[in-house]
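Computed from the coordinates by the stated procedures, all read-outs in this text should not be read as laboratory data. Worth saying up front: this structure is predicted, and the values here are computed from it rather than measured. No Cβ is skipped: glycine too gets one built from the backbone with ideal geometry, and neighbour counts run over all protein chains shown.
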Amino acid sequence: MNKKLHIEYANPDDLSDSILVEFALRDYRIVQEWAERVKYAQKLYKIDDPARFYGFGPLERQKADAIGRINQCVDIINSRIPIINRRITYVEDQDTLNYLHSIFEKYHGLLGMQDGEYWQNAGPEVKQALADLNIAVHRCETVARGAEPRHVVTWFGMPKTEMYRYKDYEDFAYLWDAGTVFLNYVEIGKTMEDLCNDNDQYISRDAFQPFRHWSADFVVRYAPQTLEQCRVKRSAITKFYYDHEKFFGDWRPEYTFGSLPVADIITNVDLKDIESRQFVKSVNFV
């Protein structure tokens, strides 16, 4: 049985300069299944972006980086067919971020639905830029909302076939300490919480995608969530649900809050040690 998760962080310019951070796995049923899913992913794929870190370093540098990434995606996509008519100039421009996310949803396709004419005819560079556009939108949103430190590990090519059982939602967490590892959202679209935060005027009904699927993908959150933060968030989402109840159909808000934690940090690590090593060199279980 897997008991611990080991993540090795390295300096991207010198991979020999690394630290090992240890996490204790929780005892939920799904945790061992997730660990095996990660091992399986590693046999077939490389981590999509080992440097996918958020909230580390000076805020102005994070803003410039986020804006540069998103506009680079726009330029690559438009180099084939000019389908995007807006660019980002400041990370707080949520309306433009919503518009760009709708471009991703429309031309990339939702989970398991990458069969549109545009996607089928797009070259590999444009396909990658469309996938990166989604990530870049969320990077801007993260920076605009306080840039809490975290990093995400994904294997894009891994089929997203696993689904939560309703009982799994009982283990979803709304409060957490710094250094908690969660299963990452793997749907293509937006959750009810996203819609509440974004005031999205562009999203289609189909693009509302509750957190139903899970995969090997995970996120390590190095900022805690307090009880007051949780109360504010739950209150806002609940109000948003009842204000837009017809839009959400049969989906209930009680299956919306939080996400599922799988491990907790053991190593006493300084965030400055991670800031200088924003590259995931390895992921292992012991």
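Values for this structure:
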quantity	calculated
Cut-off under 5 Å, modelled amide H: who pairs with Ala122 long-range	none
Neighbour-limited loop hits for chymotrypsin sites (Phe, Trp or Tyr not before Pro), the range 44-109 (at most 15 other Cβ within 10 Å; DSSP other than H, G, I, E, B)	Tyr45, Tyr90
Loop-located trypsin sites (Lys or Arg not before Pro) in the range 127-186, at most 16 other Cβ atoms within 10 Å (DSSP)	Arg145, Arg165
Eligible aspartates and glutamates near Lys246 by straight Cα distance, threshold 15 Å, same-chain separation 8 or greater	Asp206
Three-way shape call for the range 21-169 based on the alpha-carbon gyration tensor, with the a/c threshold at 1.5	oblate
Straight-distance crosslink candidates among lysines, where the alpha carbon sits under 22 Å from Lys281 and sequence neighbours closer than 8 are dropped	Lys3, Lys4, Lys39, Lys43, Lys46, Lys272
³J(HN,Hα) computed for each position of the range 189-196 - Karplus, 6.51 cos²θ - 1.76 cosθ + 1.60, integer Hz, glycine/proline x	x, 9, 7, 4, 5, 4, 4, 4
17 Å reach of a label modelled at Ile266, 7 Å along Cα-to-Cβ, counting backbone N of the range 1-25	1-9, 19-25
Reach of Lys63 by Cα under 14 Å, taken over aspartates and glutamates that are not fewer than 8 positions away in the same chain	Glu92, Asp93, Glu141, Glu148
Euclidean distance of C-alpha centroids, the range 207-250 and the range 154-177, integer Å	13 Å
Using a Förster distance of 41 Å, the FRET efficiency for Leu44-Ala144 (Cβ separation, nearest 0.05)	0.70
Translational diffusion of the chain, µm² s⁻¹ [Kirkwood Rh, Cα pairs; Stokes-Einstein; 4 °C; 1.567 mPa s]	65 µm²/s
